[in-house]
Each structure stands twice: as C-alpha cells, then as structure tokens.
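Data first, discussion second: the structure below is written as structure tokens.
The values are calculated or read from the model by the stated rules, or taken from the named source; none is laboratory data. Please read all numbers here as calculations on a predicted model, not as lab measurements. All Cβ positions, glycine included, derive from the backbone under ideal geometry; neighbour counts span all protein chains shown.
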Amino acid sequence: MLQGKRVVVLGGSAGIGRAVAELALREGAHVTVVSHQLERVERAVTELRAIAPRVAGQAVDLRSQPAVSQLFERVGSLDHLVYTAGEELLIKPLAELDLDAGRAFFELRYWGALRAIQAARPRLAGDGSIVLTSGAASRRPHPGFVIGASICGAMEAVTRTLAVELAPIRVNIVIPGFVDTELWSNVPAAAKQQMFREAAAKLPVGRIGAAEDIAEHYLSFMRGRYVTGQALVVDGGGVLV
Ligand SMILES: NC(=O)c1ccc[n+]([C@@H]2O[C@H](COP(=O)([O-])OP(=O)(O)OC[C@H]3O[C@@H](n4cnc5c(N)ncnc54)[C@H](OP(=O)(O)O)[C@@H]3O)[C@@H](O)[C@H]2O)c1
C-alpha cells in the first residue's frame, strides 16, 4: 500500500525511525531519512540501500528553523511525514530540575515537530499523512518524568488539533513504551540491562519492545485512510499494570 509513496522520516537514522524507514522501503516507498549527524545518516542510507535503492539521506539539525525550511525545499513533494527525532531523556525530580534545561528540551521533540510540519505542509499530498511520536509517560506517570511527560502530552494535543486543522491530511501519533534503542545509551550498560529486566518482568508481554514492534504501527497509520487524530499506545501492556 506504500508502493511508490514518498516517505520522509525525521529521526530516521536510528531506533524507531530507522525501523520505520526499513519497513516503508520494504513496502515499496521512496524513503528519505533525516537526522543530525551526517555519519549516522550515511550509515543508515548504506544499510537501507542493501534492501532497495529508493532511499536518500539528509543531515539536518531539526532544532534549526532555516535548516528545516531548506530541507523541505530540497525534498520537494511528499506523501507521508514521520517524526521520531528525540534525544536522551531528562529525568529529574522537579525540585532538582534546571527549568532552563527543561525548556530547552522542548526544542527538538515539540518545536522541531511543529517546525517540520509547518515547512512540509505545502508539499504534503492531500491524501497523505503525518505520524508523530509521544511516549507512555503521558499515560503512566513516573516520578522524575515531568518534562518528558509534558512533551508527550503536548504532542498528543498537537495531533488532535492538526488532524482537524490540516484535514484532509491525516495526523496520528504513536505512543511507545520501553523500547531498546540508542535513546538509552547514556545509561551505563549494566544499569540499563537491570532496568530493562525489571521493566520486562512487570509487562504483560514479558519483554521490552524492539524498534520493529513500534515501527509497524507508524506504517499502519500511513496506510489507514480512515484514521486521523488518533493515538495508539504500543507498550507491551505497560499502562495497564
Ligand atoms: N526508546 C524508548 O524507550 C522510547 C519510549 C517512549 C518514547 N520514545 C520516543 O520515541 C522517539 C524515538 O526514540 P528512539 O528510541 O528511536 O531514539 P534513538 O534511537 O535515539 O533515535 C533518535 C533519532 O533522532 C535523531 N536526532 C537526535 N537529535 C536530532 C536533531 N537535533 N536533529 C535531527 N535528528 C536528531 C537521531 O539521529 P542523530 O543522532 O544523527 O541526530 C536518531 O536518528 C523519541 O521521541 C523518544 O523520546 C522512545
């Protein structure tokens, strides 16, 4: 169903975005992966070209307004915009939180997404879609997650609002739970393994998610011509327990 469609994945060099790019490519789409670090973009493009040649890469800092405008001038028209760009989490109790650092954290996941949508909108096909990214912290509170949870909640509100404002372009959002990606690379390996083991033991599905588990649902939102303004929790049942 994505045969011949043009899909741009912002945050497509790693993790969930990389998995979305791969699945879209396997379904016949033309895929552009975008992220900040040139070498990571080039590596992803090289790996993805082994699957199909319909892939290109762009190194862009999504926190920069001019860079994002120029990106979409280069990319031209597109059918689906996917936003998965994100950075390591800022986990701090409010009492210890540097509020300026907290404010800066909105720059990529919140303002970056709005900036990209604003620049892409005139080039998006009327029967196309936007798929955004939240996180289960918006539904299942944890101490220390006040900034991350706020961004997630804001992105879910953005989704419902733009689904109405940008119609007929569809706008949906995926809400991942724990996923084993490089997002957690700032946690020391042993502590990360323990965190994942403990989290997996509590989950109804008994394991932590892989990027591919989540990516499938971005594809479903791209294909699903009768779904807009919706949020899907993909967390192995974490919000239930
Ligand atoms: N992993 C989880 O457990 C989890 C759970 C809930 C929600 N999420 C959310 O899901 C999204 C994707 O997470 P992930 O686990 O796939 O993360 P990831 O593996 O760390 O990938 C993040 C992607 O964002 C790109 N990126 C970072 N800063 C950028 C910038 N300034 N400009 C452009 N691209 C930038 C990275 O590439 P470069 O380094 O090349 O810039 C990379 O391609 C994030 O919003 C995350 O918060 C993840």
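Look through 20, 41 and report the one residue that is without any contact (Cβ under 8 Å) to a residue 40 or more places away in the chain and either at positive phi or touching a strand residue (DSSP E or B) at 6+ places or on another chain (Cβ under 7 Å) (or both).
Being without any contact (Cβ under 8 Å) to a residue 40 or more places away in the chain and either at positive phi or touching a strand residue (DSSP E or B) at 6+ places or on another chain (Cβ under 7 Å) (or both) holds for just one of 20, 41, which is 41.
Looking at region 44-66, which of its residues are buried (at least 16 other Cβ atoms within 10 Å of the Cβ), β-branched (Val, Ile, Thr) and in contact (Cβ under 8 Å) with a residue 24 or more places away in the chain?
Within region 44-66, 55, 60 meet the criteria.
What residue, of 22, 27, is within 14 Å of the ligand (Cβ to nearest atom), under 21 Å from residue 132 (Cα atoms) and charged (D, E, K, R)?
When all the criteria are applied, what remains is 22.
Here are 42, 73: which of them is within 13 Å of the ligand (Cβ to nearest atom), modelled with pLDDT of 95 or more and of a type outside the set (S, T, N, Q)?
42
Does residue 14 satisfy the criteria of being in contact with a Ser or Thr (Cβ under 6 Å, 6 or more places away or on another chain), at negative phi and surrounded by 17 or more Cβ atoms within 10 Å (Cβ to Cβ)?
For residue 14, the condition - in contact with a Ser or Thr (Cβ under 6 Å, 6 or more places away or on another chain), at negative phi and surrounded by 17 or more Cβ atoms within 10 Å (Cβ to Cβ) - is not met.
Name every residue in region 137-168 that is buried (at least 20 other Cβ atoms within 10 Å of the Cβ) and closer than 17 Å to residue 208 by Cβ, in order of residue number.
The one that is buried (at least 20 other Cβ atoms within 10 Å of the Cβ) and closer than 17 Å to residue 208 by Cβ: 137.
Considering every residue within region 234-241, establish whether at least one is closer than 17 Å to residue 136 by Cα, part of a helix (DSSP H, G or I) and of a type in the set (Gly, Ala, Ser).
yes
With respect to residue 138, determine if the residue is among the polar types (S, T, N, Q) and within 11 Å of the ligand (Cβ to nearest atom).
yes
Any idea how many residues of region 161-197 are within 14 Å of the ligand (Cβ to nearest atom), closer than 17 Å to residue 241 by Cα and in a helix (DSSP H, G or I)?
Residues flagged as within 14 Å of the ligand (Cβ to nearest atom), closer than 17 Å to residue 241 by Cα and in a helix (DSSP H, G or I) within region 161-197 amount to 2.
Take residue 171 and tell me if it is touching a Leu at 6+ places or on another chain (Cβ under 6 Å), surrounded by 13 or more Cβ atoms within 10 Å (Cβ to Cβ) and touching a residue at least 12 places away in the same chain (Cβ under 8 Å).
Yes.
Kindly indicate whether any position in region 122-131 is within 13 Å of the ligand (Cβ to nearest atom), surrounded by fewer than 19 Cβ atoms within 10 Å (Cβ to Cβ) and either at pLDDT 95 or above or assigned to a helix (DSSP H, G or I) (or both).
There is no residue in region 122-131 that is within 13 Å of the ligand (Cβ to nearest atom), surrounded by fewer than 19 Cβ atoms within 10 Å (Cβ to Cβ) and either at pLDDT 95 or above or assigned to a helix (DSSP H, G or I) (or both).
Which one is nearest to the ligand (Cβ to nearest atom) among residues in region 141-160 that are at pLDDT 95 or above and part of a loop (DSSP other than H, G, I, E, B)?
So the residue we want is 145.
Are any residues in region 198-233 assigned to a helix (DSSP H, G or I), of a type in the set (D, E, K, R) and touching a residue at least 60 places away in the same chain (Cβ under 8 Å), and if so, which ones?
Across region 198-233, the qualifying residues are 212, 216, 223.
Please note which helices (runs of 4 or more DSSP H) are completely contained in region 1-120 and include at least 2 residues that are out of contact with any His (no Cβ under 7 Å at 6 or more places or on another chain) and more than 21 Å from residue 150 (Cα to Cα).
Filter on region 1-120 gives 15-26, 38-49, 65-75, 112-120.
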